[in-house]
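**Q** Below are the structure tokens for one structure; questions will follow.
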Amino acid sequence: MFEILRKSLKTGIVTERYPQTPPQISPLARGRPEIDFGNWKDARPAAAVCPTGAIAYSDQGGERATTFDLGKCIFCGLCAEADPAIRVTNRCELAATRKTALQFSATYKLLPDGSHERLLSAPSPAPSSRVPRSPDPAVENLGRKIRRRATDIFGRSLHIREVDAGSCNGCEIEIVGLTGPVYDIERFGIHFVASPRHADMLLVTGPVTRNMELALRKTYDAMPAPRLVVAVGACGCSGGIFGTNYATRGGVDQVLPVDVYIPGCPPNPHALLHGILLAMGRRRLSLIPQSDNLII
Amino acid sequence: MNPSPDVASIAARVQAYFAGRVAAAHAAPPGEIHFDAPLALVAGFSGHLYKKWNARLVSVFADDVRAQTRAFHLYYVFALDALGVFCVLRAPVPGDKLEFPSLANAIPAVDWQEREIQDWFGLKLVGHPNPRRCALHDHWPDVHPLRKDFDLRAPLPPFSGESHKFREVEGEGVFQVPVGPVHAGVIEPGHFLFSVAGEPVLYLQLRLFYTHKATEKLFEAMPVTHGVRLAESISGDSSFAHATAFCHAIERAAGVEPPPRARALRAVCLELERVYNHIADIGAIATDVGFAVANMLAMRLKEKVLRTNEQLTGNRLLRGMARLGGVGLDWDAARTSALSSLLAELPPEFESLVDMIENSSSTQDRLQRTGILTPAVARDLGIVGIAGRASGFCHDLRGNFSGRLYERAPFRVPVYQAGDVKHRMQVRVDEVRQSFSIIRHFMDDLPEGAIRAEIGGLPADRTALGWVEGWRGEIFHWVRTAPGNRLARCKIKDPSLQNWPALSHAIPGNIIPDFPVINKSFNLSYSGNDR
């Protein structure tokens, strides 16, 4: 007992001060890839090496539409090796409240040799191609109000129920890390709880397998309202490298309404904290100013 | 590629024993012997290899080649541990008689693997003691996803209800405690049904495969370079081990060997993966018996390793480092010095963690003689890795099967007979200590030169086995190549698939409150099992 006390005193406090201080991340870490859309000459090499289709293009009528989807990106960095217009940064605070805020598209004039030139449309978050969940504006407005009210309620303390809906357990390694002495999520008044009945937030990993779909729905149904859903990792955001197949649904929002998406494979603990605080309304959307985000 | 004299003489002796009814195929990668035999001879062949060659059946799987041969192929992979050789037996299942004989009565270790074949390929098991569905849940429609005529992206109709019937356990005062698939902690999903009488557990039934995500089928739908990234997501805690096993299989199919520097960096990364997982497990075992301080220390140490991983490879779980033909990036002076400082700081801190746990008598009391897996049961179930070594299994692929990955590395397999939680933890402690010296061994004398060999075009229709001793146990990837740098089949064998049934034998007699620590002492991967 005395030995343990002595060791604890000797070790001192190891907890980080994030978000007051910037994330402690190696400059060599692979975070968000940045595409120099203005000088991008050819989307084909990067699209060919991208294992998840996060970088993709389609050619039509002499034009090439390119897309980059952070929600699908597994941060392998292969695109940057294949294409000088792409650079890997170590930025990890990438969470967003809308999936479309993670998707970027740009259109180019197609050249005869298959490369492209001259930006025809400025790169921007892709317009929402999905039909909105509730087309009625009154319902949408109400939904926004409820959400604001929910973040007011959750602003001070939050209980999280984690559900692995088919992940590879990579995300779990980092989520468990949040409860350790270095990240210490309890300093925010956030606790992981055993029962969905005690939970305000559902933190979901994995592409949602067919076998976990029912358990995930039941867990969500067991939570009291208001409640938040956070999709974690490339799989949670989009299905990731597994996508949609006979055994997977292709992301959490195929099954539940999602409030915040946290990209990463897996997202590191800072990225997770950023996303959770964002969902609580305690962190402003760092939606990356466009000029900084996209080099034009 | 000339087979070594050993391989040739083993092949000849086995062939002679079966007097021409078993054919040794040519052009197998080094260290593998390929045999062809009719289905009726599989049981006899297995018996011969077990008795005369002290073999272990490490993987059983099927391959749909009806388009080429109008048959399915079954493969049986045997490890001849003492000789460092794998025997791969191939037996055809004719397309007009879709059934195969079970070996599970003689070799219980293949129980789940055989049922997986039945579920995924629609080949009926004959003579299996428990031929119920395993890999596909009971309420799935009647589909066989790994057949070639099944579309990976096929949308299946909504499943209706839960229809799994657990075995009934009856008696006065017996009641059932269902747990999962969503558990209380932050862990993976699986369902456990405890039958208890008073405090002690009488019987434990496992239902897994909740995280099945079509991984093996996905390998058939992507180029091999993408396959390396997919392999990293088979089990996140073994990202590097699985990706390296996959690369190993592809390299063997292509007849390419990574250069010496790449092999050394691979070995170091494998040991880093072992170190961070073992430390995390030691802490988690402590926390499961209420010793939270030790876990906090362990989590701090694990974080140090993860941050070093990030500096060394760009990713905390070592993702992106595995590459076909070698590794993803070279380590400059800054990186190697980051590793050196980890090696200076970590070992004394690790020893203080071990001291803290060993000096806590209340912790020791909970760990000793808890969750015993006897060596006899472990041998029957073919238990490998940490759990195997705590129950008398004395093998580690880093030894006789290391190829040229671990040559000359200082290393001794820790083996215990007690088979309880304490000794599963002790194996981890011993292995972490050895990992430190293995990493030092490679870093003190890191070979110069290239970090990757060119794979070039992958020849079509080759088969090869790749393997790695991951931190949890032995990992196998078996591939059959297709034209255009693709795969026609990739079979993944995570040690979890082998070890999960052990839990049902280690639990009875213990109380439910000891289940978390027993489960953690095995720490099996759900995702690696379910794929």
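**Q** Treat each spin label as a single point 7 Å out from the Cα along the C-beta direction, and report the A:S195 to B:N400 distance in nm.
**A** Between A:S195 and B:N400, the simple spin-label model gives 5.4 nm.
**Q** Take B:A292 and B:L206, extend 7 Å from each Cα along the Cα→Cβ direction, and tell me the distance between the two endpoints in nm.
**A** 3.0
**Q** For B:A27 paired with B:K124, estimate the spin-label separation in nm (one decimal), with each label point 7 Å from Cα along the Cα-to-Cβ line.
**A** With each label point 7 Å from Cα toward Cβ, the separation is 3.7 nm.
**Q** Just the Cα atoms of the range B:5-126: what Rg and Dmax do they give in Å?
**A** That works out to 14.0, 40 Å for Rg and Dmax.
**Q** Within the range A:83-111, name every residue whose backbone N is under 17 Å away from a label modeled 7 Å from Cα of A:E63 along the Cβ vector.
**A** Inside the label zone: A:104-111.
**Q** Report the full-extension gain for the segment B:A82 to B:E99: residue separation times 0.36 nm, less the Cα-Cα distance, to one decimal in nm.
**A** Extra length available between B:A82 and B:E99 comes to 2.8 nm.
**Q** Let me know the mean shielding of B:226-236 by other chains, meaning the per-residue number of their Cβ atoms within 10 Å of its Cβ.
**A** Mean number of neighbouring Cβ atoms from other chains: 6.
**Q** Related question: So, by mean Cβ neighbours within 10 angstrom, what's the order for B:137-143, B:285-291 with the highest one leading?
**A** B:285-291, B:137-143
**Q** While we're looking at this one, here's another question. Suppose R0 equals 60 Å; then what is the FRET efficiency for B:H139 and B:N54 from their Cβ-Cβ distance, rounded to the nearest 0.05?
**A** My answer for the efficiency is 0.90.
**Q** What is the calculated FRET efficiency for B:A43 to B:A197, with r their C-beta to C-beta distance and R₀ = 41 Å, to the nearest 0.05?
**A** 0.60
**Q** Related question: So how much slack lies between A:L111 and A:L9, counting 0.36 nm per residue of separation and subtracting their Cα-Cα distance, in nm?
**A** Working it through step by step, the gained length comes to 30.1 nm.
**Q** Using packing as a proxy for protection, rank A:231-241, A:214-224 so that the peptide with the highest average count of other Cβ atoms within 10 Å comes first.
**A** Top of the packing list down: A:231-241, A:214-224.
**Q** Quick one: if the Förster radius is 56 Å, what FRET efficiency do B:D36 and A:D184 give, using the C-beta to C-beta distance and rounding to 0.05?
**A** 0.40
**Q** Averaged over peptide B:313-326, how many Cβ atoms belonging to another chain are found within 10 Å of each residue's Cβ?
**A** Partner Cβ neighbours, averaged per residue: 4.
**Q** Just order B:233-239, B:511-517 by mean Cβ neighbour count inside 10 Å, highest at the front, would you?
**A** B:233-239, B:511-517
**Q** How many partner chain Cβ atoms sit within 10 Å of a residue's Cβ in peptide A:22-30, on average, as a whole number?
**A** Average neighbour count from other chains, rounded to a whole number: 5.
**Q** Over chain B, what is the relative contact order in whole percent, taking alpha-carbon pairs under 8 Å and six or more residues apart?
**A** 16
**Q** Give me D for the range A:137-280 in µm² s⁻¹, whole number, from Stokes-Einstein with Rh from the Kirkwood sum over alpha-carbon pairs, 4 °C and 1.567 mPa s.
**A** 86
No value in this document is a laboratory result; all are computed from the given coordinates. A quick note: this is a predicted structure, and the numbers were derived from the prediction, not measured. Don't worry about glycine lacking a Cβ; one is built from the backbone with ideal geometry, like all the others, and counts go over all protein chains shown.
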